[in-house]
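Take a look at the structure below.
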Amino acid sequence: MPFLRLLVLVLLLGKGDPVCRLQGSAQPPELAQDGDLLIGGIFSFRTGQDYVTNTFQTIPGVRKCKNFNFREFKFAQAMIFAINEINKNPELLPNVKLGYKIYNNCGTMDILRAALALVSGLKGEVSDDNCTKSETVQAILGHSGSGPTIAFEQVVGRFHVPVISHFATCACLSNRKEYPTFFRTIPSDYYQSRALAMLVRHFGWTWIGAIAVNNQYGLDGIAAFIQAAQEYGVCIEYSEAFSLSDPPGSLQRIIEVIKHATSKVIMAFMSHREIKLLATELYKQNITGLQWVGSDAWITDHSLTDSEGHSILEGSLGFAVSQAKIPGLEDRNSLICADTKDIKPQQVLQYVSTVNFTTAEGERVYFDNNGDSPARYELVNLQRTNKGTMEGLTVGIYDASLPDSHQFIMNNITVVWGNGLTKVPVSVCSEKCPPGRRIRSSRKENSIHCMKCPPEYWSNNQRDACIPKVIEFLAYDEILGTLLALFSLLGVFLTMITTQVFYCHKETPLVRANNSELSFLLLFSLTLCFLCSLTFIGRPSEWSCMLRHTAFGITFVLCISCVLGKTIVVLMAFRATLPGSNVMKWFGPTQQRLSVLAFTLIQVVICILWLTINPPFPFENLLLYKDRIILECALGSAVGFWAVLGYIGLLALLCFLLAFLARKLPDNFNEAKLITFSMLIFCAVWVTFIPAYVSSPGKFTVAVEIFAILASSYGLLFCIFLPKCFIILLRPEQNTKKHIMGKTPNNYIYY
């Protein structure tokens with residue numbers, strides 16, 4: 001036994017060449033043309049073979065092909081056209097004529113025989129040496145299928161013959177270690193799978209089925225699609241595979257799966273042969289209402305119309321390689337090659353690897369490190385023509401070289417949907433729950449229900465979980481809150497400037513004649529009014545809710561009391577001009593202080609009763625909005641709130657009436673008129689506040705109240721003090737006792 005092993009080893013080592021030997025005679029090409037350089041082509045003009053059970057006792061014969069495939073025939077004619085165009089152009093390959101050998105085979109084994117014939121030049125033995133003879137090809141174009149291409153590329157790749165495929169899209173062929181001489185002018189299925197997943201996500205189909213042809217093209221393609229689809233949140237209800245050689249029961253089982261499935265969208269990753277068989281069986285069993293998404297291997301195949309059930313494929317969507325019109329080739333510099341009689345496939349392989357040119361239509365042609373070409377697709381929609389046939393109409397594009405947000409673009413062409421629908425079909429695992437409810441799966445009932453979220457929670461965008469509602473209130477860090485706070489601080493700043501002006505000129509006749517004590521007290525109360533508006537901004541708390549309403553009520557009563565005191569002083573001053581009148585004795589400085597104190601104490605008592613009986617408190621309003629919580633201050637006692645406002649309104653109305661009565665009294669500085677106008681603004685603001693307060697939703701209720709506080713405070717500040725500051729600073733000649741005494745009574749009281 002050791003001797004036999006040694007003998008076999010010696011024979012093997014001594015053989016050296018050839019690498020392999022053809023069994024039987026080589027098959028001649030179907031189409032051929034002589035040339036200095038030969039290019040091989042492998043196509044399948046005919047498809048389909050009868051199922052034969054191999055006995056493994058005799059050499060398998062060549063099986064006959066049945067159906068004619070016009071698309072494959074056109075591929076071969078395109079190759080011949082390109083070669084003839086190159087031969088016609090003396091600038092491309094001067095003094096070199098290209099020839100071709102084109103084989104027509106449909107079975108994988110027959111295709112492998114054709115590939116060996118191309119690299120052997122019809123010789124019985126195949127080796128590295130005789131692959132450089134004139135009768136051998138320098139490159140092979142084809143095949144359209146990924147499976148046959150994988151089979152013969154693994155063989156011819158050993159002889160460094162470049163294989164350029166126009167339609168083999170399996171992502172596995174990008175493996176440079178396994179397929180070092182393979183190139184393709186069509187993008188890899190990796191990009192097509194991601195484009196199809198993006199298409200499914202674009203139309204909101206989150207629950208779909210997947211069917212593939214049971215070969216490497218289909219299985220790898222559907223696996224890449226499922227992975228990409230799951231990344232986009234798409235669920236796969238079922239994933240099945242079959243081939244034409246499977247027993248009939250295999251296809252029938254898949255039909256039953258489709259029949260009982262709930263998804264309405266099917267991703268079909270297969271060739272035109274498998275989809276025609278599947279569509280025919282579905283048509284026979286009257287299974288309709290499905291939206292098909294197809295791979296490029298069948299979506300543009302014109303032979304689909306020949307199938308019995310082609311009508312159920314109407315409205316199908318899928319990506320196809322961008323079609324190009326070829327009026328001619330772009331002129332470019334001729335390549336400097338070695339002697340055509342001594343050229344080797346390795347040299348051709350090197351040149352093909354560095355191809356980089358632009359066509360007349362502006363499309364750039366090149367191969368990356370894996371032999372792949374750029375991924376650009378057209379989104380095709382199968383629509384019925386007037387002749388009753390189906391035609392693929394381009395409704396969008398996909399370009400993997402662009403950023404993610406711009407890769408997939410739909411145009412304005414109307415899409416025809418499956419089963420004659422006029423709108424996008426719905427295919428989801430379950431109908432989306434309404435807002436405020438989330439999906440709940442029941443294992444016992446094997447069903448899905450929508451469960452209402454708790455009051456403090458709301459459903460997320462996917463409706464699969466309840467998340468805490470957003471708590472909303474008028475905050476300092478939002479634009480509205482920031483603006484209101486700035487206007488409040490601006491009011492404080494202007495009030496302090498006015499106080500400074502009055503204090504610096506407190507001995508001047510104008511300040512003394514306008515009751516300086518009440519003026520300073522009024523300015524102090526206005527400062528508090530501006531500041532109290534800040535308590536309405538920010539997150540409501542128990543103390544802030546009690547402070548904001550009581551501080552507002554007390555400071556405004558103090559403010560109106562001062563204005564009311566100034567109004568009464570004006571009236572009493574002119575009453576004192578009557579003979580024998582001693583009215584000013586009853587409303588001197590002491591009485592003015594007591595009146596302001598008394599009016600303010602009444603409001604203090606109202607606020608104390610309000611805080612004692614039923615004070616304001618922070619409240620989460622869940623009824624105003626469904627998806628968020630409004631955190632606000634509940635009034636506690638509505639009677640207390642309206643009592644505070646009512647008392648302020650009563651004092652303002654009384655002050656307005658008294659000022660209105662005194663508006664025609666002689667006064668150089670129009671004190672009564674200014675008070676009348678300020679009270680008119682004050683009353684107008686708060687009268688409009690009531691309906692606005694009641695109708696404003698959420699945090700805007702607080703904003704309306706702050707606006708009313710600021711508007712009325714600015715009205716009092718500007719109307720009462722701005723004219724006086726104007727005279728003090730810009731018209732000092734009018735700030736004299738003589739000017740003041742000119743038209744005012746001699747017994748005007750100075751303070």
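Before moving on, here are some points about what is shown:
- Boolean, SER459 is among the polar types (S, T, N, Q) and either at pLDDT 85 or above or more than 31 Å from the chain's Cα centre (by Cα) (or both): no
- Boolean, GLN592 is in a helix (DSSP H, G or I), in contact with a Leu (Cβ under 9 Å, 6 or more places away or on another chain) and modelled with pLDDT of 85 or more: no
- In region 575-589, the residues that are assigned to a helix (DSSP H, G or I) and either in contact with a strand residue (DSSP E or B) (Cβ under 7 Å, 6 or more places away or on another chain) or at pLDDT below 60 (or both): ARG575, VAL583, MET584, LYS585, TRP586
- Hits in region 366-395 (condition: assigned to a strand (DSSP E or B) and closer than 14 Å to GLY315 by Cα): LEU379, VAL380, ASN381, LEU382, GLN383, ARG384, MET390, GLU391, GLY392, LEU393, THR394, VAL395
- Selected residue (only one of LEU631, LEU651, LEU623 is of a type outside the set (Phe, Trp, Tyr) and in a helix (DSSP H, G or I)): LEU651
- Taking region 278-302 as the range and being more than 23 Å from SER193 (Cβ to Cβ) and in a helix (DSSP H, G or I) as the test, the residues that pass are THR280, GLU281, LEU282, TYR283, LYS284, HIS302.
- So LEU645, is it without any contact (Cβ under 8 Å) to a residue 24 or more places away in the chain and in a helix (DSSP H, G or I): no
- Taken over region 616-644, the criterion of being small (Gly, Ala, Ser) and surrounded by 18 or more Cβ atoms within 10 Å (Cβ to Cβ) is satisfied by GLY636, GLY640.
- Residue match in region 665-680 (condition: in the same structural domain as ILE568 (by TED's automatic domain parsing), modelled with pLDDT of 80 or more and closer than 30 Å to LYS626 by Cα): no
- Of all residues in region 181-222, exactly one satisfies the criterion of being touching a Cys at 6+ places or on another chain (Cβ under 7 Å), closer than 30 Å to THR358 by Cα and either without any contact (Cβ under 8 Å) to a residue 24 or more places away in the chain or of a type in the set (Phe, Trp, Tyr) (or both), namely TYR217.
- Counted as qualifying within region 139-217 are the strands (runs of 3 or more DSSP E) with 1 or more residues that are closer than 20 Å to LEU118 by Cβ and at pLDDT 85 or above, namely 139-141, 163-165, 182-184.
- Of the residues SER245, SER263, the single one that is more than 35 Å from the chain's Cα centre (by Cα), part of a loop (DSSP other than H, G, I, E, B) and of a type in the set (Ser, Thr, Tyr) is SER245.
- Among the residues of region 403-425, those that are among the aliphatic types (A, V, I, L, M) and modelled with pLDDT of 80 or more comprise ILE409, MET410, VAL415, VAL416, VAL424.
- Qualifying position, being acidic (Asp, Glu), free of Cβ contacts under 8 Å to residues at least 12 places away in the same chain and surrounded by fewer than 19 Cβ atoms within 10 Å (Cβ to Cβ), among GLU178, GLU231, GLU256: GLU256
- Answer residue from region 645-664, given it is among the small types (Gly, Ala, Ser) and within 58 Å of the chain's Cα centre (by Cα) and is surrounded by the most Cβ atoms within 10 Å (Cβ to Cβ) among those: ALA652
- Checked against the criterion of being over 13 Å from ILE211 (Cα atoms), more than 36 Å from the chain's Cα centre (by Cα), assigned by TED's automatic domain parsing to the domain that holds ASN215 and touching a residue at least 60 places away in the same chain (Cβ under 8 Å), region 267-276 contains one or more residues that satisfy it.
- Verdict on GLU274 being surrounded by 17 or more Cβ atoms within 10 Å (Cβ to Cβ) and among the acidic types (Asp, Glu): yes
The values are calculated or read from the model by the stated rules, or taken from the named source; none is laboratory data. Bear in mind that the values here come from a model prediction, so they are computed numbers and not experimental data. Virtual Cβ from ideal backbone geometry, glycine too; neighbours counted across all protein chains shown.
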